[in-house]
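Data block below; observations after.
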Amino acid sequence: MAALVEAEQLTKRFGDFTAVESLSLTLAEGEVLALLGPNGAGKTTTVRCMSAILRPSAGRVTVAGYDTVRHARTVRRLVGLLTEFPGLYGRMQPLEYLDFFGALQGIPAPLRAQRAESLLTRFGLWEIRGRRLSQFSKGMRQKMALVRAMLHEPQILFLDEPTSALDPQGAKQVRDVIAQLRAAGHTILLCTHNLAEAEELADRIAIVAAGRVLAVGSAVELKRARLGPPLYEIRFATQLNGLTHEVTGLVDVTEMGEGWLRYRVDAPAVTNPALLRHLARLGAEVVTLSEVPQSLESAYLDILEQGGGLATPRILEPSQSTEGLPRLVTSGGRFS
C-alpha cells in the first residue's frame, strides 16, 4: 500500500523544550495506525505537525505528497482533525453547526446539507437534530465533532484522544464509530494512551515516549517481539504421570502442574495438531487446549523501560513470524 502520510526526522521544539525528536513514521492508505504512549510523549504535537497546524522545527511531513509547510492549506483540506477537547457551539443545533463549518470549507450549500444528513444518520444523530449541542452527552459531542471532521470528505482522519474523559458508554460509542470507519477503509491516525483501544482498533501500533518512536508493529508482533512465541495451555482428565517426558520432548514447556502444562510454540498451526495426534496415540485424555492471552501491557511497559528513559532508544531485534506475519521494525530511525 502507498504511504499517504510520511514523517521524516520530524522534530518540534518549543523554546528549550523538545516535544518531538527525529520521529520518522509512515501511514499507509486504508490503514489505522495508533500512536500509543504516556502523557507528554509528544503524540498531540506529532498530530498537529502532521495536520499542518504546527510548523516543524526540523524534518518534514508530507500528506498525499504535499509538504505540510509549503502546501499547508492543501494539507488542511485533505485531513479531518478530531481534537481531544473539541469546541462545539452549544447554542447551535447539529444542522446549523455543520452548515456553518461546511460554508467555511467552501462546500456548496446543497452538498453540505446532503452530507450533513448522511453523516448524522450514519452516526445515530439524525433523530436528535432538533436539540442544541449543549444538550448532547459527551459521547454524542465526540461523534458530532467526528461528523464535523468528516464533512469535507478528507483523505485521512487524525483522532487525538477521541475517548478521553468519556464515561464507558460514551467511549464505546466512539470506538464503535472508529471501528465502522476502519471497516469502510478509512485512513486513520489514532492518538491514544489506552492500550485496549489501540489493540482493538489499530492495524499497527507505534509506541512513543519523549517524542521518539520506540517500536512499531501490529499488537501481535509487538507482543511476540517482547514476550516470545504464543503461549498455550493443555489440560488433561488425569495427572500427567509418564506423559511429561513425551510432551517436553515435543514442545517448549514453561510450567506445569497436576493435570496441566503450558508451553510456547512458534508454529501452532503445525505443532498443536501434531501434539494432539501424538497424545491421542498414547491414550492421553485431553480436556482442553487453549491459547493463553499475552498482555500488550507487558510488552508496552517493557519497551518503555528499555527505550523510554534513554537518550538513544535501544534498538530492538526484528521479529520474523513463522506464520507469514511481516517483520516488526523497531529502532530509533525510520519506520515503515
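The values are calculated or read from the model by the stated rules, or taken from the named source; none is laboratory data. Because the structure is predicted, anything quoted here is derived from the model rather than measured. Methodologically, a virtual Cβ is constructed for each residue, glycine included, from the backbone with ideal geometry; neighbour enumeration extends over all protein chains shown. Surface accessibility is based on the protein's heavy atoms, side chains included, excluding ligands, DNA and RNA. Shrake-Rupley method; radii C 1.70, N 1.55, O 1.52, S 1.80 Å.
Key figures for this structure:
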read-out	value
Shape of the range 118-164, Cα gyration tensor, a/c cut at 1.5	oblate
Cα-based reach from LYS12 at 19 Å (exclusive), listing aspartates and glutamates while leaving out same-chain residues under 8 positions away	GLU21, ASP67, ASP160
Label-point gap, in nm, between ASP266 and ASP252 - each point 7 angstrom along Cα→Cβ	0.9
TRP126 paired with SER57, simple spin-label distance in nm, labels 7 Å along Cα-to-beta-carbon	4.9
Sequence-distant residues sharing a close amide H with VAL69 (under 5 Å, placed H)	VAL61
Of LYS43/LYS143; LYS138/LYS223; LYS43/LYS138; LYS43/LYS223, pairs whose Cα-Cα distance is over 27 Å	LYS138/LYS223
Sites matching GluC sites (Glu not before Pro) across the range 1-76 that sit in DSSP coil, with at most 15 neighbouring C-beta atoms within 10 Å	GLU29
Sites SER290 and PHE14, calculated FRET efficiency, Cβ-Cβ separation with R0 30 Å, nearest 0.05	0.05
Solvent exposure of the chain as accessible area per residue, Å², 1.4 Å probe	48
Label point distance in nm, SER164-SER298, each placed 7 Å from Cα along Cα→Cβ	3.0
GNM top mover of LEU36, LEU98, LEU282 - the chain, alpha-carbon springs below 10 Å	LEU282
Extension gain, GLN306 back to ALA274 (0.36 nm per residue minus Cα-Cα distance, nm)	7.8 nm
Phi-based couplings in Hz for the range 131-141 (Karplus 6.51, -1.76, 1.60; Gly and Pro marked x)	7, 7, 5, 5, 8, 6, 6, 4, x, 5, 5
Accessible surface of the chain [probe 1.4 Å, protein heavy atoms]: carbon and sulfur percent	50
The range 1-90: C-alpha gyration tensor shape, a/c 1.5 cut-off, then a/b vs b/c	rounded
